[in-house]
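Data block below; observations after.
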Amino acid sequence: MSKKEDIELRNQEDTHTYNSIPEGKEEKNVKNGIDNCSFIAEKDVKQKDGIDNNAFIQKDELTTPHENDRTAVSVAVPLDSPDVQLTQDGKIKPYAGMPKEVLLQYSGQACYRLPREILFWLSILMTLLLIASTITIIALSPKCLDWWQISPVYQVYPRSFKDSNDDGVGDLKGIQEKLDHFQYLNIKTIWISPFYKSPMKDFGYDVEDFREIDPLFGTMADLESLIVSLHDKGMKLIMECIPNHTSDKHKWFQLSRNRTGKYTDYYIWKDCKQDGIVKPVNNWVSVFGNSSWEYDEVRGQCYFHQFLKEQPDLNFRNPDIMKEMQDIMAFWFEKGVDGFRLDAIKFLLEAEHLRDEPQVNSSQKPEDIVNHSELHHDYTTTQLGLHDIVQSWRHFFDQYSREPGKYRFMVAEAYDYEEIQKTMMYYGTSLVKEADFPFNFYLIDLPDDMSGNGVFRLVDLWMKNMPEGKWPNWVVGNHDNPRIISRVGEEYNNVINMLLLTLPGTPTTYYGEEIGMKNINVSDDEIQDPFGRFDPTENRDPERSPMQWDSSPYAGFSKNKTWLPVHPEYETINVDVQKNQPNSSLNLYRELNILRQKELPFQRGWLCYIWNSTDLFVYIRELDGLNKAFMMVLNFGNAAELSLSEIYADIPSEVKIRVSTKFTNNGQKISTKLIKTEKGEGLVLEYNTNKRVHNNEKFKNNCYVSEKACYLNVLDILYKNC
């Protein structure tokens, strides 16, 4: 071959790279999506000879060669395609629509592999950082407040709340009809007094059957419907648990008086008859008066009762009783009940030695002692072993609290008057938990010293004795005590509610307190309360009158005569009227409750006393890290003036009235040099500051916090250990 022919042959090879295709390969190429217009070239030849062909771009292996065929099939992409662009050195740039096979070739090049690896490891790093941040936030975050800490507890006395069938007595359907009232007030927790089947000797506190609803209040289906409706609206239900005693009509008592099997010792029986004469076992006196021992003709022994003779005490030294009571609690938990108030808890055990209790007046003749208040109850209340029972119930409650959002709440009704340390024992210890809190009834004594100093003394009594880290609560009225407004005057109703809703902890509101209901007058011959029949001065009917809903006959409670008279002022003091009055007690209560649940310092912040006098009680709610604080100036006496800037130098010269018992003052700014308050007036003052009262040497010993938390403004989160 001549030299000229050799050059032409090489040019021809440059222009048309070729490769012989094994037989049968064409069909396979078509199946793999190779267009007939594509050029097939041998990769090895291109790499060896360094052929730079501007007519087309070759592609990596597309098809799988035969076992003995080492050639690689490639796809050529025409350069005249409008999507194809070349770099300055003649290489193709990736473009939209480029075949996957070509893209994969580029993805294997170093310039693409490095960014890909960087992005991969950055993704891994960011994921790890996110996980670490989440774990850190969870570890540093304080425990979320539970449902029983966020909302006030609203007590419903079912006989008097709402009558749905017009028989004059309230019922469960009536409560369900009024759920919108709780929503209006932003109430999330409802406590309903007893509605068990009962002979009603003590209006439901004498239980004939712990698993049945008394027909007076409706049916089990009514209760189940109420529970569903409450839960659908984000509310919780607390029931009464009455463990100390039953009705004498209860089947347990009927079997016990006949000495039937295990029921023989379900109650406390003692011999008390000699030579045909019945004599009380000792000098113990019931809460309702007279001897605590009652002779039973059937059994021929006396049984013990701390309350009415129709309410025999259960024997809690018998393990079968413990099992029975837990089974009853489980029955209601499975119905959806969210917690229990343990009634008369301190009476569960009595001293086994049965010695006489010491007299308050040692010179009084023993035979003249008939009132509960005439003895020191050293042997019939708060006996050794009582707290073991409460602790075991707490453990039982916790077994039903494992499901998220299903915490079972326990509150103990235990009021030990001046022996406040006995009351505090129901909190348990740092190692062994008991009740979430015992009811704090000390504010019920507020009328005994209605003054700024008096309120301070009662608030501080609880706070300084409460175990560290425990949750406080406040009660100003219930079904066993006269309404405070009737004892101190209606001008103090709003300021008392302001106190209740701005102190730390869980407030409890007795039905009607949000509108300022008052006691009714009941003549001696109309008394229905069994305690009142024994001692008219202790009659509890006046504070149990029907709820005042509107101005219609019987206050919208019923369409027929009510079981107790409606208060004569119901036409002006009722829910319907006060909803339309901007400055009403109802709307003030609502505004304060919304404030309490909206602002962090009221939920878990510090309480610091600033000032107290005959007329005024002043305190601050603040939270570490939050530049907003609130000061309450409450008047429990007569008109008074106060220079806050002289008392607390770090307060700004001007503050805003966030909420006032006089709504016209809301939003106004006032000088802290001189603050004037009228009788019964209350102010919630808001201001911004970086200084904390609880760090101030002058006030730090007057500050308390239950669950310490700090606010991180940058991330808008709470954290602990600050």
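The values are calculated or read from the model by the stated rules, or taken from the named source; none is laboratory data. If you're wondering where the values come from, they're calculated on a predicted model, not measured in any experiment. A quick note on method: Cβ atoms are made from the backbone with ideal geometry, for glycine too, and the neighbour counts reach across all protein chains shown. Heads up: the accessible areas ignore ligands, DNA and RNA and are worked out on the full protein's heavy atoms, side chains in. Shrake-Rupley method; radii C 1.70, N 1.55, O 1.52, S 1.80 Å.
Within segment 298-426, the proportion of C-alpha pairs whose separation exceeds 19 Å stands at 59%. Across the chain, the relative contact order, built from alpha-carbon pairs under 8 Å that are at least six residues apart, equals 9 percent. Using the Cβ-Cβ distance between Glu324 and Ala221 with R0 = 35 Å, the FRET efficiency computed as 1/(1 + (r/R0)^6) comes to roughly 0.90. Its DSSP H runs of at least 4 residues, each contributing -39,500 (n - 2.57), put the calculated 222 nm mean residue ellipticity of the chain at -8000 deg cm²/dmol, to the nearest 500.
Going toward the positive end of the dipole of the chain, with +1 on Lys and Arg Cβ and -1 on Asp and Glu Cβ, which of Gly682, Asn701, Pro243 do you reach last? Toward the positive end, the furthest listed residue is Asn701. Only aspartates and glutamates eight or more places from Lys669 in sequence, or on another chain, were considered; those with a Cα closer than 17 Å are Glu641, Glu654, Glu681, Glu686. When you filter the trypsin sites (Lys or Arg not before Pro) in segment 672-722 for DSSP loop state and at most 12 other Cβ atoms inside 10 Å of their Cβ, you are left with Lys673, Lys698.
Positive end of the dipole of segment 352-410 (Cβ unit charges, origin at the Cα centre): among Tyr400, Asn361, His387, the Cα lying farthest that way belongs to Tyr400. Here segment 164-235 is treated with +1 on each Lys and Arg Cβ and -1 on each Asp and Glu Cβ, and its dipole about the Cα centre works out to around 320 debye.
Extension gain for Asn696 to Ser430 (0.36 nm times residue separation, less C-alpha to C-alpha distance): 92.9 nm. Amide H to amide H distances under 5 Å link Ile717 with Leu712, where only residues 5 or more positions off or on other chains count and H is placed in the peptide plane. Could you work out the pair-distance distribution P(r) of segment 246-330 from its alpha-carbon pairs, with 10 angstrom bin width and percents rounded to whole numbers? Per 10 Å bin, starting at zero, the Cα-Cα P(r) for segment 246-330 comes out as 18, 49, 28, 4, 0 percent. Entry note, segment 362-448: relative contact order of 25 percent, from Cα contacts under 8 Å with a spacing of 6+ residues. Dipole magnitude for the chain: about 1520 debye, using +1 per Lys or Arg Cβ and -1 per Asp or Glu Cβ, origin at the Cα centre. Along segment 358-368 the Karplus relation, 6.51 cos²θ - 1.76 cosθ + 1.60 evaluated at θ = phi - 60°, assigns HN-Hα couplings of x, 7, 5, 10, 5, 8, 6, 5, x, 5, 8 Hz to successive residues, with x for each Gly and Pro. Converting phi to 3J(HN,Hα) with the Karplus coefficients 6.51, -1.76 and 1.60 and the offset θ = phi - 60°, segment 314-329 yields 6, 9, 7, 8, 9, x, 5, 5, 4, 5, 4, 5, 5, 5, 5, 4 Hz in sequence order, with x at every glycine or proline. In the list [x] 34.9; [y] 32.7; [z] 31.5, the label attached to Kirkwood radius over Cα pairs in Å as derived from the coordinates here is [z]. Just list whichever of Lys598/Lys656; Lys598/Lys708; Lys406/Lys433; Lys628/Lys720; Lys662/Lys698; Lys279/Lys365 have alpha carbons separated by over 20 Å in the model shown. Listed pairs above 20 Å: Lys662/Lys698.
Please compute the Kirkwood hydrodynamic radius of segment 418-535 from all pairs of different C-alpha atoms, in Å with one decimal.
The Cα-based Kirkwood calculation yields 15.9 Å.
Think of each Lys and Arg Cβ as +1 and each Asp and Glu Cβ as -1; about the Cα centre, that makes the dipole of segment 238-383 roughly 320 debye.
The amide H of Gly625, built 1.01 Å from its N in the peptide plane, has Tyr711 as neighbours under 5 Å, considering only residues 5 or more places off or on other chains.
Considering only Pro482, Tyr510, Trp462, and ranking their Cα positions along the charge dipole of segment 455-518 that arises from unit charges at the beta-carbon of Lys, Arg, Asp and Glu, the one farthest toward the positive end is Trp462. The alpha carbon centroids of segment 123-200 and segment 638-717 are separated by 30 Å. Derived scalar couplings between HN and Hα for segment 452-459 equal x, 5, x, 5, 4, 4, 6, 5 Hz in order, rounded to whole Hz, by the Karplus curve 6.51 cos²θ - 1.76 cosθ + 1.60 (θ = phi - 60°), x for Gly and Pro. Straight-line cross-link reach from Lys188 at under 19 Å between alpha-carbon atoms covers these aspartates and glutamates, not counting any fewer than eight positions away in the same chain: Asp146, Glu177, Asp180, Glu224, Asp232, Glu240, Asp338, Asp436, Glu513, Glu514, Glu591, Glu599.
Annotation: amide H-H contacts under 5 Å for Phe307 (H modelled 1.01 Å from N, sequence separation of 5 or more, or interchain): Val287. By the Cα gyration tensor, segment 463-599 has an equivalent ellipsoid whose semi-axes, rounded to whole angstrom, run 28, 22, 11 from largest to smallest.
Accessible area per residue, 1.4 Å probe, Å², for the chain: what's the number?
Value returned for the chain: 47 Å² of accessible area per residue.
I need to check one value: relative contact order of segment 616-722, counting alpha carbon pairs closer than 8 Å and at least 6 residues apart, in percent.
Averaging sequence separation for qualifying contacts and normalising by length gives 30 percent for segment 616-722.
If you take the Cα centroid of segment 202-240 and the Cα centroid of segment 410-481, the two points sit 28 Å apart.
When a 1.4 Å probe is rolled over the protein heavy atoms, the share of accessible surface on the chain that falls to carbon and sulfur comes to 50 percent.
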